[in-house]
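One structure below.
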Amino acid sequence: MSIRHFLTLSDLTSQEAIQIIKRATELKQLHKSRTIHESLKNRVLGMIFEKSSTRTRVSFEAGMTQLGGSAIFLSPRDTQLGRGEPIEDSARVLSQMVDAVMIRTFEHEKITKFAQYSSVPVINALTDDYHPCQLLADVQAYTEARGDIKGKTVTWIGDGNNMCNSYINAAMLFDFKLNIACPTGYEPMQSLLDEAGDRVTVTSSVEEATQGAHLVTTDVWASMGQEEETKIRMAAFKDYQVSPTLMDIADKEAVFLHCLPAHRGEEVSEDMLDDPRSVVFEQAGNRLHAQKALLEFLILN
Ligand code: CP
Ligand code: NVA
């Protein structure tokens with residue numbers, strides 16, 4: 001079998017993605033019932049983090065331990081990667097020692113290059129352009145809360161960033177409609193919009209995008225690596241906040257998701273995360289289960 005990487009959601013077929021979500025829910029039940037399930041015994045995951053993380057690091061590390069394997073945290077501060085060792089050399093070396101490599105970095109091209117030289121699966125744990133692991137947890141959270149996401153309407157409010165790009169991929173993979181509301185100049189990747197066709201709409205009106213939505217989601221106004229643009233972004237996004245009042249124009253069964261960390265008073269009102277329509281903490285918890293399902297799929301392939 002050839003190696004499977006997970007650099008964007010489009011590395012999976014729809015059938016595989018649906019199966020991973022189903023498996024994630026099964027693994028969640030096993031975890032909740034404290035059943036020991038060591039499908040990745042003695043397997044090792046290398047974890048390269050060039051940006052900060054709470055959820056991603058802990059979910060991958062705990063997930064590997066629970067599946068009977070282990071994970072090694074690699075930061076550029078104390079590896080040769082941070083001292084300029086070429087990506088292609090690091091990939092050829094590390095992939096002889098571990099069973100999969102997870103990478104969180106800046107330029108998406110870095111992980112495509114790593115994958116090109118890796119003899120084991122490479123997982124995108126966030127780049128400037130995509131955050132596909134998060135989408136597995138998001139779809140799992142919606143499915144568990146309200147059932148199949150196929151045919152539903154999802155609303156993205158705010159920056160056309162890595163999360164938004166991954167929502168466009170998810171709309172194609174899981175067959176839902178996506179309305180994006182963003183200020184001019186902050187649209188998601190045009191090539192993805194072209195690929196998605198009329199399944200995805202882009203508007204500058206938050207209300208227009210939210211009308212009748214089954215799922216409303218957003219993310220920070222300034223992502224990691226954009227700290228210097230914070231002031232200008234605060235002004236550009238000031239009308240792009242999700243609040244319980246905005247949720248009132250969505251479908252009456254609508255749920256709210258946020259990949260976290262959230263900035264209360266910015267992209268979400270102070271009270272949004274605690275609103276009964278918010279399932280953000282279930283969503284965050286699902287990172288563990290969705291990635292365990294992904295690891296099984298890639299490593300046992
Ligand atoms: N949502 C997410 O990826 O969180 P972390 O940055 O904490 O990993
Ligand atoms: N868009 C955010 C997501 C963090 C999980 C960032 O890239 O910083």
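Taking segment 96-123 as the range and being part of a helix (DSSP H, G or I) and within 16 Å of ligand 1 (Cβ to nearest atom) as the test, the residues that pass are 108, 111. Within segment 249-266, the set of residues being under 20 Å from residue 154 (Cβ atoms) and not in a loop (DSSP other than H, G, I, E, B) comprises 255, 256, 257, 258. The condition of being modelled with pLDDT of 95 or more and surrounded by fewer than 22 Cβ atoms within 10 Å (Cβ to Cβ) does not hold for residue 287. Only one entry in 126, 135 is part of a helix (DSSP H, G or I) and either more than 23 Å from residue 292 (Cβ to Cβ) or within 14 Å of ligand 2 (Cβ to nearest atom) (or both), namely 135. Take the conditions (1) within 16 Å of ligand 2 (Cβ to nearest atom); (2) out of contact with any helix residue (DSSP H, G or I) (no Cβ under 7 Å at 6 or more places or on another chain); (3) more than 20 Å from residue 127 (Cβ to Cβ); residue 288 misses just one of them, which is (2).
Taken over segment 247-276, the residue count meeting the criterion of being without any contact (Cβ under 8 Å) to a residue 60 or more places away in the chain and touching a strand residue (DSSP E or B) at 6+ places or on another chain (Cβ under 9 Å) is 12. In segment 159-166, the condition of being in contact with a Gly (Cβ under 8 Å, 6 or more places away or on another chain) and buried (at least 22 other Cβ atoms within 10 Å of the Cβ) is met by at least one residue. Counting only strands (runs of 3 or more DSSP E) that fall entirely inside segment 173-248 and contain at least 2 residues that are within 16 Å of ligand 1 (Cβ to nearest atom), the qualifying elements are 215-218. Residue count for segment 27-57 under the criterion of being in a helix (DSSP H, G or I) and without any contact (Cβ under 8 Å) to a residue 12 or more places away in the chain: the result is 3. Suppose the filter is more than 22 Å from residue 5 (Cα to Cα) and under 20 Å from the mean Cα position of the chain (by Cα); does residue 211 pass it? No; evaluated as a whole, the condition is false for this residue. Among the residues of this structure, residue 53 does not count as one that is farther than 23 Å from residue 136 by Cβ and either at pLDDT 95 or above or touching a helix residue (DSSP H, G or I) at 6+ places or on another chain (Cβ under 8 Å) (or both).
Could you list all residues from segment 249-292 that are touching a Gly at 6+ places or on another chain (Cβ under 9 Å) and either more than 16 Å from ligand 1 (Cβ to nearest atom) or farther than 23 Å from residue 61 by Cβ (or both)? Matches in segment 249-292: 249, 250, 251, 254, 267. Within segment 62-79, residues that are within 14 Å of residue 104 (Cα to Cα) have Cβ atoms under 9 Å from residues that are buried (at least 16 other Cβ atoms within 10 Å of the Cβ) and at pLDDT below 95 in these pairs: 74/81; 75/81, counting only partners at least 6 apart in sequence or on another chain.
The values are calculated or read from the model by the stated rules, or taken from the named source; none is laboratory data. Bear in mind the structure is a predicted one, so any value in this text is a computation, not a measurement. Don't worry about glycine lacking a Cβ; one is built from the backbone with ideal geometry, like all the others, and counts go over all protein chains shown.
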